[in-house]
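Novice: There's a structure below that I have some questions on.
The values are calculated or read from the model by the stated rules, or taken from the named source; none is laboratory data. Owing to the predicted nature of the structure, the values given are computational and were not obtained by experimental measurement. As a convention, Cβ positions derive from the backbone with ideal geometry for all residues, glycine included, and neighbour counts pool all protein chains shown.
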Amino acid sequence: MSDQGPATDPAGAAPGRRVVRWPAVSAVRWWVPPVGRRLAAPVAVVVVVALWQLVVVRTGADPRFLPSPVRVAAQGWAQREAIGEHAAATLTVTLVGFAVSTAVAWLVAVVVDLVPPLRRAVVPLLVMSQALPVTAIAPLTILWFGFGLLPKVLVITLVTFFPVAIGLVEGFAAAGPRAEALLRSMGAGRWQRFRYVRLPAALPRFFTALRIGITYAVVGAIFAEYVGAQRGLGIYLSMQKNAFRTDLVLAAVVVAAALSLLLFAGTHLLERLLVPWARPATRRQVRERVR
């Protein structure tokens with residue numbers, strides 16, 4: 001009589017042994033890896049905050065130098081209206097500046113793609129633009145254009161323009177030559193080949209660059225406000241630092257990080273809506289394709 005006991009590893013089962021698949025075990029194997037990946041970041045944050053709280057309690061650190069997470073949360077909530085107003089100003093500047101940066105990046109990338117000789121001339125200039133020290137350019141923009149919206153938009157554009165433009169240029173260049181050759185044989189012009197082949201091929205790389213740029217945009221906006229502004233998280237951080245309110249400085253930093261995460265998630269949502277064909281296949285879809 002053959003042994004028909006359960007086996008959890010079909011690859012390691014003995015010859016002639018019938019493998020019994022338990023539905024509960026399969027369900028656990030299906031759900032645990034995705035759930036674990038999703039909970040990894042929150043669990044890491046909880047562990048870091050717990051260790052931070054433990055260190056403050058054990059050492060009795062001065063709140064002016066190292067406030068506890070509980071104090072940061074309490075004081076931040078007490079100042080929620082002021083922090084909210086400054087965060088709204090930073091978010092507005094970030095969105096406006098990044099929109100201008102993205103529009104300019106699209107314009108430059110499309111022109112470079114339609115006129116190939118410009119690629120060798122423009123790409124080095126894009127690289128050189130990143131060598132400009134923002135710490136020196138930001139005060140100059142404040143000096144030249146005052147404390148309004150324009151200098152902040154210029155700083156954000158300088159910080160975020162390069163990754164978006166390079167992502168688009170490389171995305172256009174990565175288009176399949178066979179598809180272009182097919183359209184050319186059908187009489188399609190340069191613009192039609194760009195629209196139906198090169199543009200769809202560039203969109204996945206564009207959204208990857210967009211995610212990189214949007215996080216830099218928040219940092220650029222805060223730095224521009226830190227140099228000189230009337231409202232925003234940058235000026236709020238500067239005021240609280242001068243008042244030795246480390247707890248409120250950290251509360252504003254947490255809000256800035258939350259803004260970055262929110263905008264980063266927004267790029268993912270936008271990509272799902274506009275580029276559904278670039279969405280990674282789920283495990284279930286892979287199984288169905290194999291079958």
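Novice: Quick check on Leu51: is it at pLDDT 85 or above, among the aliphatic types (A, V, I, L, M), surrounded by fewer than 16 Cβ atoms within 10 Å (Cβ to Cβ) and more than 23 Å from Leu210 (Cβ to Cβ)?
Specialist: yes
Novice: Still on this structure: Given the conditions (1) within 30 Å of Ala173 (Cα to Cα); (2) modelled with pLDDT under 85; (3) not aromatic (Phe, Trp, Tyr), and given that Val43 satisfies all but one, which numbered condition is not satisfied?
Specialist: (1) is the only condition that Val43 fails.
Novice: While we're on this one: Please enumerate the residues belonging to segment 165-189 that are of a type in the set (D, E, K, R), under 30 Å from Leu125 (Cβ atoms) and at pLDDT 70 or above.
Specialist: Step one: filter segment 165-189 for residues of a type in the set (D, E, K, R), giving 170, 178, 180, 184.
Retained after the next criterion (residues that are under 30 Å from Leu125 (Cβ atoms)): 170, 180.
Selection gives Glu170 alone.
Novice: Do you know which residues across segment 114-135 are outside any helix (DSSP H, G or I) and under 20 Å from Ala202 (Cβ atoms)? Reasoning before the result, please.
Specialist: Of segment 114-135, the ones outside any helix (DSSP H, G or I) are 115-116, 130-133.
Hits for segment 114-135 are Val115, Pro116.
Novice: Which residue pairs have Cβ atoms under 6 Å apart, sit 6 or more places apart or on different chains, and have a first residue in segment 87-108 that is farther than 25 Å from Ala229 by Cα and a second that is in a helix (DSSP H, G or I) and among the small types (Gly, Ala, Ser)?
Specialist: Cβ pairs passing all conditions: Ala105/Ala165; Val108/Ala165.
Novice: Something else now. Just give me the residues in segment 119-129 being loosely packed, with under 14 Cβ neighbours inside 10 Å and of a type outside the set (Gly, Ala, Ser), in sequence order.
Specialist: Result: Arg120, Pro124, Leu125, Val127, Met128.
Novice: Run down Ile156, Ile166 and say which single residue is in contact with a Ser or Thr (Cβ under 9 Å, 6 or more places away or on another chain), in a helix (DSSP H, G or I), in contact (Cβ under 8 Å) with a residue 12 or more places away in the chain and aliphatic (A, V, I, L, M).
Specialist: Working: Ile166 fails: in contact with a Ser or Thr (Cβ under 9 Å, 6 or more places away or on another chain).
Exactly one residue qualifies, and that residue is Ile156.
Novice: Now for a separate question. Test Ala78 against the stated conditions and say whether it is over 22 Å from Ser260 (Cα atoms), at pLDDT below 90 and among the small types (Gly, Ala, Ser).
Specialist: Values: over 22 Å from Ser260 (Cα atoms): yes; at pLDDT below 90: no; among the small types (Gly, Ala, Ser): yes.
Considered against the rule, which asks whether it is over 22 Å from Ser260 (Cα atoms), at pLDDT below 90 and among the small types (Gly, Ala, Ser), Ala78 comes out as no.
Novice: Taking segment 169-183 on its own, how many of its residues are part of a helix (DSSP H, G or I) and closer than 19 Å to Ala105 by Cβ? It would help to see each step written out before you state the result.
Specialist: Narrowing segment 169-183 to residues part of a helix (DSSP H, G or I): 169-173, 177-183.
From what is left, the residues that are closer than 19 Å to Ala105 by Cβ are 169-173.
Qualifying residue count, segment 169-183: 5.
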